[in-house]
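Remarks on the structure that follows.
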Amino acid sequence: MVRFISGSWWAGAAAACAWFISREIAQAEYRWIEYFGSGLRANMPWWGRFDPRVWNKVYPWLDWILPSLVTIGIAAFVQRRSKVATSS
């Protein structure tokens, strides 16, 4: 959708990557609230989502890094393919 509005595959990839990252940050907030905030969002400090204790497993990292890499790879492939098609 972003690609069709902006005309840029990179803008679409950036929007998708931002979504993957923000989704995982929200999950980190829930983990912090569950582990350290007694189940109450009001107990979470502003830095709770970045607390290394809730990022201590590999899964949260893979949940945003892998989709971001795939999205960037697709955007690069499509852009390169469209450049080759227009230069022919």
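Return the Rg/Rh value of the chain, two decimal places, where both radii are evaluated on C-alpha atoms and Rh is the Kirkwood radius. Could you put the intermediate results ahead of the total?
Values: Rg = 17.8 Å, Rh = 15.0 Å.
We get a ratio of 1.19 for the chain.
Using Cα springs under 10 Å in a Gaussian network model of the chain, which residue among 23, 49, 41 shows the largest mean-square fluctuation?
Fluctuation is largest for 41.
Pop out the carbon and sulfur fraction of the accessible area of the chain as a percent, whole number, probe 1.4 Å. If you can, show how the numbers build up before the last one.
On the way: 4300 of 6380 Å².
On the chain, the fraction of accessible area on carbon and sulfur atoms equals 67 percent.
Can you show me the helix-derived [θ] at 222 nm for the chain, built from DSSP H runs with n ≥ 4 at -39,500 (n - 2.57) apiece and divided by the number of residues, rounded to the nearest 500. If you can, show how the numbers build up before the last one.
Values: 3 runs with 63 residues, N = 88.
Rounded to the nearest 500, the figure is -25000 deg cm²/dmol.
Whole-Hz Karplus ³J(HN,Hα) for region 23-31, in order, using 6.51 cos²θ - 1.76 cosθ + 1.60 and θ = phi - 60°, x for Gly and Pro?
5, 6, 5, 5, 5, 5, 4, 5, 5
The values are calculated or read from the model by the stated rules, or taken from the named source; none is laboratory data. Remember, predicted model here, so these are calculated numbers, not experimental data. The protein model used for the area step is the full one, side chains on, heavy atoms only, and it has no ligands, DNA or RNA in it. Shrake-Rupley method; radii C 1.70, N 1.55, O 1.52, S 1.80 Å.
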